[in-house]
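Student: Encoded as structure tokens, here's the structure I'll be asking about.
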Amino acid sequence: FSDPGSMVRMTGISSAHLRRLFVERVGLSPQAFLIRCKMQRAQELLRTSPLRVSEIAHVLGYEDPYYFSRQFRRESGQSPRKWRETAR
């Protein structure tokens, strides 16, 4: 899934109901869950690939690499570049 809207379309339930069920079962909103999954994939790519941060952002569906970096910092506490340096 690329966004919660695609989850709503696939399941055919309202976004409010989907959010309520998701929070009950997963402990996160659909949006927060998708961001967490993307950031975990970003960490994997930062650790194992030679891709630049902007390329990783693009692979994960971010049009703006700066927005990706801000989200990554919010989730991990470090910039993607700094995280890559410490992970290696």
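The values are calculated or read from the model by the stated rules, or taken from the named source; none is laboratory data. Just so we're clear, the structure is a prediction, and the values are computed from it rather than from any experiment. No Cβ is skipped: glycine too gets one built from the backbone with ideal geometry, and neighbour counts run over all protein chains shown. Areas reflect the complete protein model, heavy atoms only, side chains present, ligands, DNA and RNA absent. Shrake-Rupley method; radii C 1.70, N 1.55, O 1.52, S 1.80 Å.
Student: Inspect the stretch 51-59 for any residue being closer than 29 Å to Arg9 by Cα, within 11 Å of the chain's Cα centre (by Cα) and modelled with pLDDT under 95 and give the result as yes or no.
Tutor: No, because not a single residue in the stretch 51-59 is closer than 29 Å to Arg9 by Cα, within 11 Å of the chain's Cα centre (by Cα) and modelled with pLDDT under 95.
Student: With the structure loaded, tell me whether Arg84 is under 18 Å from Gly5 (Cα atoms), in contact (Cβ under 8 Å) with a residue 24 or more places away in the chain and assigned to a helix (DSSP H, G or I) or whether it fails that test.
Tutor: Judged against the criteria, Arg84 is not a match.
Student: So Glu55 clears everything in (1) open to solvent by 40 Å² or more (accessible area, probe 1.4 Å); (2) in contact with a helix residue (DSSP H, G or I) (Cβ under 6 Å, 6 or more places away or on another chain) except one condition, right? Which one?
Tutor: All conditions pass for Glu55, except number (2).
Student: When residues of the stretch 26-70 are filtered for being within 17 Å of Lys82 (Cβ to Cβ) and touching a residue at least 40 places away in the same chain (Cβ under 8 Å), how many remain?
Tutor: The total comes to 3.
Student: Could I ask something else about it? Could you please find all residues in the stretch 58-78 being outside any helix (DSSP H, G or I), loosely packed, with under 12 Cβ neighbours inside 10 Å and not acidic (Asp, Glu)?
Tutor: Gly61, Gly77 - these are the residues of the stretch 58-78 that are outside any helix (DSSP H, G or I), loosely packed, with under 12 Cβ neighbours inside 10 Å and not acidic (Asp, Glu).
Student: Further, regarding this structure: Kindly indicate whether any position in the stretch 27-44 is more than 11 Å from the chain's Cα centre (by Cα), in a helix (DSSP H, G or I) and at pLDDT 95 or above.
Tutor: Within the stretch 27-44, one or more residues are more than 11 Å from the chain's Cα centre (by Cα), in a helix (DSSP H, G or I) and at pLDDT 95 or above.
Student: For the stretch 1-26, which residues satisfy the criterion of being in a helix (DSSP H, G or I), open to solvent by 60 Å² or more (accessible area, probe 1.4 Å) and closer than 18 Å to Gly61 by Cβ?
Tutor: Those that are in a helix (DSSP H, G or I), open to solvent by 60 Å² or more (accessible area, probe 1.4 Å) and closer than 18 Å to Gly61 by Cβ: Arg9, Met10.
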